[in-house]
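The values are calculated or read from the model by the stated rules, or taken from the named source; none is laboratory data. Fair warning: this is a prediction, and the values are worked out from it, not measured in the lab. Using ideal geometry, Cβ is built from the backbone for each residue, glycine included, and neighbour counts are taken over all protein chains shown.
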Amino acid sequence: MREEGIKWAVLGTGVIANEMAQALQKSGKNLFAVGNRTYAKAVAFAEKYGVEKVYSDFNEMFTDPDIDAIYITTPHNTHIGFMRKAIEGGKHVLAEKSITLNSSELNEAVELAMKHNVIIGEAMTIYHMPVYKKLKDILDSGALGKVNLITVNFGSFKEYDMSNRFFNRDLAGGAMLDIGVYALSLIRWFMKPDPESMLTDVNFAPTGVDEQVTMLLSNYEGQMATVALSLHSKQPKRAMISCEKGYIEIMEYPRAWEAKITDAVSGETRLLSSGEHTDALKYELEDFEAAVRNEENHLHLDYTLDVMELMTKARYEWGMTYPEEA
């Protein structure tokens, strides 16, 4: 690792790319390079954040010797192609969720990363928010007993614009890959071992992508979870983890900063607070850089693999595929 630290490039200039640049600045660093299909957008982005290098052809970042790590913020169905190029160029890769389109692509990326001795990870906020790390410690201590049931909701109201990426099959739209990945990642965080039984139901949008989804999951320890997702019906982003001796309630769970813990016997509650929701990407980048430096690895790629397997299995059971999977 170079003495001056990890040099980052970002692919894309959308909302997440902006948050990423701001997160690095919060840590006293600067994004080194940016690439985008539209060169003018990359130039404007660079001027906004003081980025040193702008690629006239974004593909140059994959072989640029000045770059250590690349954050891929493009649509899900483009990730694997860019990941191949980055990994083969010796770059560490952090990819926006969902990390790939399906399990086959993710397995390929993992094998390729091992071959080229680089780190890859999914930008899943739940695995990096401080409050989740503290909750895991509490549960591991046995203070609340065994986790028995997890219920998770995520509902957004998206206008029926079928060209919008949320409903567009050509842009890998649908509830599962866009918001279901959060719900299943939370479940995987609290459920040991991973679910091996799954029942699902789905309503499709006119474009054929999944607009509304319900899921029932369980594992051989008897732990169960329910999921309710919608792209056209507003719900709170709420999770409840029900244990033998109490329960945990979490609102805005993708970037949660607090959780309410209730004692099942006394009814007493306490609020656990840790971290800031506005620092979600800062926590992600810090954990990723620690893994690159061969320090503690909090990327939980094993959980990412489990979640991707569930999402892929569900979609294939519905007969719902994307053009790239034909």
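For the reader, a short list of remarks on this structure follows.
- Contacts under 6 angstrom Cβ, first residue in region 46-66 being in the same structural domain as residue 31 (by TED's automatic domain parsing), partner part of a helix (DSSP H, G or I) and aliphatic (A, V, I, L, M), 6 or more apart: 49/21; 54/42; 54/43; 54/46; 55/61; 62/86
- Looking across region 169-203, the residues that are small (Gly, Ala, Ser) and either in contact with a Pro (Cβ under 7 Å, 6 or more places away or on another chain) or in a helix (DSSP H, G or I) (or both) come down to 172, 175, 180, 183, 185.
- Residue match in region 173-185 (condition: out of contact with any strand residue (DSSP E or B) (no Cβ under 8 Å at 6 or more places or on another chain), crowded, with 22+ Cβ neighbours inside 10 Å, without any contact (Cβ under 8 Å) to a residue 40 or more places away in the chain and outside the structural domain of residue 77 (by TED's automatic domain parsing)): yes
- Hey, residue 95 under 26 Å from residue 166 (Cβ atoms), without any contact (Cβ under 8 Å) to a residue 40 or more places away in the chain and crowded, with 20+ Cβ neighbours inside 10 Å or not: yes
- Subset of region 310-326 (residues that are of a type outside the set (Lys, Arg), in contact (Cβ under 8 Å) with a residue 12 or more places away in the chain and either surrounded by 18 or more Cβ atoms within 10 Å (Cβ to Cβ) or not in a helix (DSSP H, G or I) (or both)): 310, 311, 312, 314, 320, 322
- Residue within region 48-65 that is modelled with pLDDT of 95 or more, touching a Phe, Trp or Tyr at 6+ places or on another chain (Cβ under 6 Å) and under 28 Å from residue 308 (Cα atoms) present: yes
- Cβ-Cβ distances below 7 Å connect the following pairs, each with a first residue in region 256-269 that is closer than 20 Å to residue 239 by Cβ, a second residue that is in a loop (DSSP other than H, G, I, E, B) and of a type in the set (S, T, N, Q), and a separation of six or more residues or different chains: 257/274.
- Search result, residues across region 209-232 that are part of a loop (DSSP other than H, G, I, E, B), of a type outside the set (S, T, N, Q) and crowded, with 17+ Cβ neighbours inside 10 Å: 209, 231
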